[in-house]
Every structure is written in structure tokens, then in C-alpha cells.
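The values are calculated or read from the model by the stated rules, or taken from the named source; none is laboratory data. Note that this is a predicted model, so its numbers are computed, not measured. In this analysis, Cβ positions are derived from the backbone assuming ideal geometry, glycine residues included, and neighbour counts consider all displayed protein chains.
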Number of protein chains: 2
Amino acid sequence: MEKMKRAERMVAITQVLMLKPNVLTPLTLFAERFGTAKSTISEDLMAVKGSLLLSGQGHLETMSGAAGGVRYIPEISKEEASIVLSELADRLSDKERILAGGFLYMTDLLFDPSVLRPLGLIFAGAFRDKKPDVVVTIETKGIPLALVTAEALGLPMVVIRSGNKVTEGSSVSINYVSGSSRRIQTMSLSRRALEPQRRVLVIDDFMKAGGTALGIKNLMEEFEANVVGMGVLVEARMTEEPKLVEGYLALLQLKELNIATGKTSVVPMFNL
Amino acid sequence: MEKMKRAERMVAITQVLMLKPNVLTPLTLFAERFGTAKSTISEDLMAVKGSLLLSGQGHLETMSGAAGGVRYIPEISKEEASIVLSELADRLSDKERILAGGFLYMTDLLFDPSVLRPLGLIFAGAFRDKKPDVVVTIETKGIPLALVTAEALGLPMVVIRSGNKVTEGSSVSINYVSGSSRRIQTMSLSRRALEPQRRVLVIDDFMKAGGTALGIKNLMEEFEANVVGMGVLVEARMTEEPKLVEGYLALLQLKELNIATGKTSVVPMFNL
């Protein structure tokens, strides 16, 4: 292979690091791959670091020492986050999204990677300081949102099952009252899915009364987990009734959903 | 802002394009952002293109004309794909993964973004030529795999619900016999979730007899969809019994799972 120039190496380094966000790559890997001295790679990295800083959409973190290396921390700029949430609020405020029973149709957006990716970065930015070990959600519609958040933080995801469907060895089940259905329901998690005493970030797509969120908190206690954060994409805030849980972060608020008039109003909430 | 040097612009361009894989970005966006001529950006892009080509892990596609621009197509090299599948096969061949009933515990891996990402790229590479419009899966465990595949292809995802849980307007349900449980089950999909006559790529985590896969194919017929491809992560191949569906791609084969001896054998299948 012909010897690469600095600019080419910088692009190649950027690609390798962005492909494995949050993963520490030792400098020797680049030195071997490009056939250059480690000191040259250090200079390349300084230059890459500088270029990325300008964008506000992810930066490099270098760690020195024998176990050292460099990793790419994905981020979203405040400006970009505001635009993303405003646009999403507008899309959700479409009267075509009103479903029978007073629900809001969000599934198409919750399953669209191009919509999800920035939301994962917003949640990651809000909760990185809490140093979670794992992202927890409950099936089904919150799974993609939890996954992109987990990836942005470099963490695994754990999915609580509805009902008693767990077939993976011994499991823990609890009953809870879902605010929307007002019925007693069950949620379960396999013992082997979550080690005891983890720092847990809970992510879900929607919160009405907070019954499901409270259920998740109670289930997490059974695993001696420490819930260090809770994020929901949309919270319904159509009455002044307090939620069953506190201290969560909602990115959007559903203010109005009127089946009779066909008026819905979703507004961005995140104060960046 | 101080004028950026070529190497800095090349890094910034790489980052912008990798953050939005498969999305066409007009050259004027870069020209405006960096305050340079479009011809300069063209030269930058040529250089970036060359650097990325060396890695085999994603390339740039440029389209000329008024509606033209450039996009990043994520890829995985054959070498990397082989390593990923071999390592995953080894991890799955651990006897600790044998569950009561002769199942294989895969959930931890199916919910781990660092495991999923390369698998999405492998499926995307295998099916990109079929030009799917949408990736379809059935809840729950296949959702993350389908999502990363959809993102690698720049497509939305649609999730079929088990049972009759759809609350999103009119839906289509079909009955099917799951090979593993030998029971009649129901799967449903909201009418508004999938437009008629789409080109569908089906992705799922596991195939035993193929009953679920056949059910999905039948349900897709109700939506006049054209199933252009089907990919599963693991197929059970412990007997010579033919599957209920044909023409699917399995990345791994479960050859043996012996509860008595505790021996499991999973082997990589994908001939790259």
C-alpha cells in the first residue's frame, strides 16, 4: 500500500472512530494499520480533534497511559436538538394522528431510524453525567428509542416483557396499573437479563399517568438497581393531575388532543 | 470563523456524511458552511472518497446534476463480516445459553448495539441490490436487528404485532402455526403502517420450522407487498426436515443443542 498522506489518514481515523462510538481504540492500532509512528498518529488525532470540535456533533476523547487510546463520543448540538424537537412536535400535531380512544399515532416515527438517531443523542447528552450502566425499556414501541440511546451512550439495552412471556429461566414479575387502560397488568424480566445493583437509565416512548413508569421503578427495585434517570419522548399534559413518578425528562408535551375538533398540540419541552 | 484547511474540511465532511448515512447532501451545503467555492468542495470530496475506499467499510456515492449531491453508503468488509460472524457463533455455542425447552438464549446479544451494528451492515450488503422500500419484522426480539438493518439501508421499519394488540385504526390479522410452539397464533398489522405494493425486506432473529416466516409472507400478501428478501440471524438446522419457506438468508446455523450433554454448536453460514 502506498503511504497515506496526513489528510487521508485523518479521514480514515475519523471513519474508524465513528464506526465504533464510545469504544476506546489504542493508538497502536492506527500506527500498525497506516505503517506510521505513534507520534505521527498523535499529531493526526490532534488535528482530527480540532476539526470535529467545530461541528458540535461529536468529539474525541483521548486517554493516555498504557491502557490509553482514543474514542469518539457522539453528540448533538443544541441548535440541532432544538430543530429536531420542533420539527417532530409539528409532525405529531397533525390531526391525522388522532386515534380512537384519544391516543396519538406515533409508531411510524418511533420506528424510523432517521427520526430516532438524533433523539438517542439528545437523551444520551442529558443522561451521560449520571453514568448509567444499562438502558432499560418495556416492549414494544419504546425499544428502538432505547436502542439508539444505548448506542449513543455505548451501553447494552434490557427489555422488560409485558405479561408473563419470559421463557428465559427464572424471572421476576410485578403487577402494575397502566394509567391509560386502568387495568392491572403484568411485566416481567428474566433474572439473567440484568445483574444486581446496576445503574439504570429508563427510556420509554410515552407517559400518561406514569403507571408503567412506576411499575418499571418497582421492578428495578427487585433487581436492586439504581434508577439514575428516566426519559420519555412524549408526556401527556392535558390536565393538572400529577404523575405517579417524578424527576423524569420529557422531550415533548402533548397539550391537547381533541377528538371532537380534531385539534392536537404537541410542543417541545427540552430546555437545552 | 477562521478559514478551514483542506484536511480539516475533509474530516468535517466525513463526519457530516457519516452522521446521516444514505442521505443525499447537496454540495452547496458544504460550500456555504465552509465558505468555499463548490469546485473546492468537489476536490475535497474526491480526496475523501479516495481515503474511504481504502477501508472497505463504507464509501461515498456522488450524483451530479441540479438534484445532485453526495451520500455515505455504510458497508462492512468481507474480512470484518467473517470475523464478526465467527465470534458471534462462538459466543452462541456456550452451553450456558441452553434454556429449558431446547431454546438458545440470545437476548443479551440481540439487544446489544455493538453486536447489532455489524449485523445490520451484513444484511444491508446482502439485500441492497433487491432495492427494498421498507424493513419488516415481528415483535419483540427481532426489532433491534431489523432497526439496524433499516438504518444501514436508509429505510423505515415496520413491526408486526403478535396477537391482536393493534390499537391503530383498522388492521389486518392472520393466523399462523409457530413451529416452535405448534400452536395457532395471531399476528396483526395496522393498515396505516404499510402502504400497498411496497418492496419488503423481512428480518427476524430466529427460524425453526419457518411457521412465523410463512405467516409474515401471508400477511404481506394482504398488503399486496412484494417480499424481495428475507434474512434471519440464526436458523435451527438440527434435522433434515425442510423449512416452510425458501429463499431466505441465514447468517448462522444452530447445528446442535443437546440439553442432556450440554453441547451446543452454532456455525457461521454466510458465504461472502
Practice prompt. Filter the stretch A:14-39 down to the residues that are over 18 Å from B:V48 (Cα atoms) and polar (S, T, N, Q), then identify the one that is surrounded by the most Cβ atoms within 10 Å (Cβ to Cβ).
Written response: A:N22
Worksheet entry | Complete set of residues in the stretch A:87-100 that are assigned to a helix (DSSP H, G or I) and of a type in the set (D, E, K, R) | A:E87, A:D90, A:R91, A:K95, A:E96, A:R97
Practice prompt. Write out, first by first residue and then by second, each pair whose Cβ atoms fall under 7 Å of each other, whose residues are 6+ apart or on separate chains, and whose first residue, in the stretch B:67-79, is at positive phi while the second is part of a loop (DSSP other than H, G, I, E, B).
Written response: B:G69/B:L24; B:G69/B:P26
Worksheet, complete the sentence: Going through the stretch B:121-179 in order, the residues found to be in contact with a Phe, Trp or Tyr (Cβ under 9 Å, 6 or more places away or on another chain) and in a strand (DSSP E or B) are B:V135, B:M157, B:V158, B:V159, B:V172
Worksheet item: From A:L214, A:L116, which residue is more than 10 Å from chain B (Cβ to nearest Cβ), assigned to a helix (DSSP H, G or I), in contact with a Leu (Cβ under 7 Å, 6 or more places away or on another chain) and modelled with pLDDT of 95 or more?
Response: A:L214
Discussion item. Given (1) crowded, with 24+ Cβ neighbours inside 10 Å; (2) under 20 Å from B:L109 (Cβ atoms); (3) more than 7 Å from chain B (Cβ to nearest Cβ); (4) under 13 Å from the mean Cα position of the chain (by Cα), identify the lone condition not met by A:A150.
Written reply: (3)
Worksheet entry | In the stretch B:24-60, the residues that are within 7 Å of chain A (Cβ to nearest Cβ) and hydrophobic (A, V, I, L, M, F, W, C) | B:A47, B:V48, B:L52, B:L54
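Table: residues versus (1) of a type in the set (A, V, I, L, M); (2) surrounded by fewer than 18 Cβ atoms within 10 Å (Cβ to Cβ); (3) within 18 Å of the chain's Cα centre (by Cα).
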site	(1), (2), (3)
B:L109	yes, no, yes
B:L121	yes, no, yes
B:A124	yes, no, yes
B:D129	no, yes, yes
B:V134	yes, no, yes
B:P156	no, no, yes
Worksheet item: How many residues are over 26 Å from B:A81 (Cα atoms) and in contact with a Phe, Trp or Tyr (Cβ under 9 Å, 6 or more places away or on another chain) if we restrict to the stretch B:215-272?
Response: 4
Item to complete: For the stretch A:219-257, enumerate the residues that are assigned to a strand (DSSP E or B), out of contact with any Ser or Thr (no Cβ under 7 Å at 6 or more places or on another chain) and free of Cβ contacts under 8 Å to residues at least 24 places away in the same chain.
Response: A:Q253
Worksheet, complete the sentence: With criteria (1) surrounded by fewer than 17 Cβ atoms within 10 Å (Cβ to Cβ); (2) within 13 Å of chain A (Cβ to nearest Cβ); (3) of a type in the set (G, A, S), B:S82 comes up short on (2)
Worksheet item: Can you find a residue in the stretch A:2-23 that is β-branched (V, I, T), at the interface with chain B (Cβ under 10 Å from one of its Cβ atoms) and over 30 Å from A:V134 (Cβ atoms)?
Response: yes
Discussion item. Among the residues that make up the stretch A:224-231, is at least one of them modelled with pLDDT of 95 or more, surrounded by 16 or more Cβ atoms within 10 Å (Cβ to Cβ), out of contact with any Pro (no Cβ under 8 Å at 6 or more places or on another chain) and aliphatic (A, V, I, L, M)?
Written reply: yes
Practice prompt. Under 8 Å between Cβ atoms, at least 6 apart or on separate chains: pull out the pairs that start in the stretch B:112-134 with a residue that is within 18 Å of B:S86 (Cα to Cα) and end on any residue that is outside any strand (DSSP E or B) and hydroxyl-bearing (S, T, Y).
Written response: B:L119/B:T149; B:G120/B:T149; B:F123/B:T149
Worksheet item: Hey, does the stretch A:87-104 have a residue that's among the basic types (K, R) and not assigned by TED's automatic domain parsing to the domain that holds A:E151?
Response: no
Worksheet, complete the sentence: Scanning the stretch A:115-129 residue by residue, those closer than 17 Å to A:L251 by Cα and of a type outside the set (A, V, I, L, M) turn out to be A:R117, A:P118, A:G120, A:F123, A:G125, A:F127, A:R128
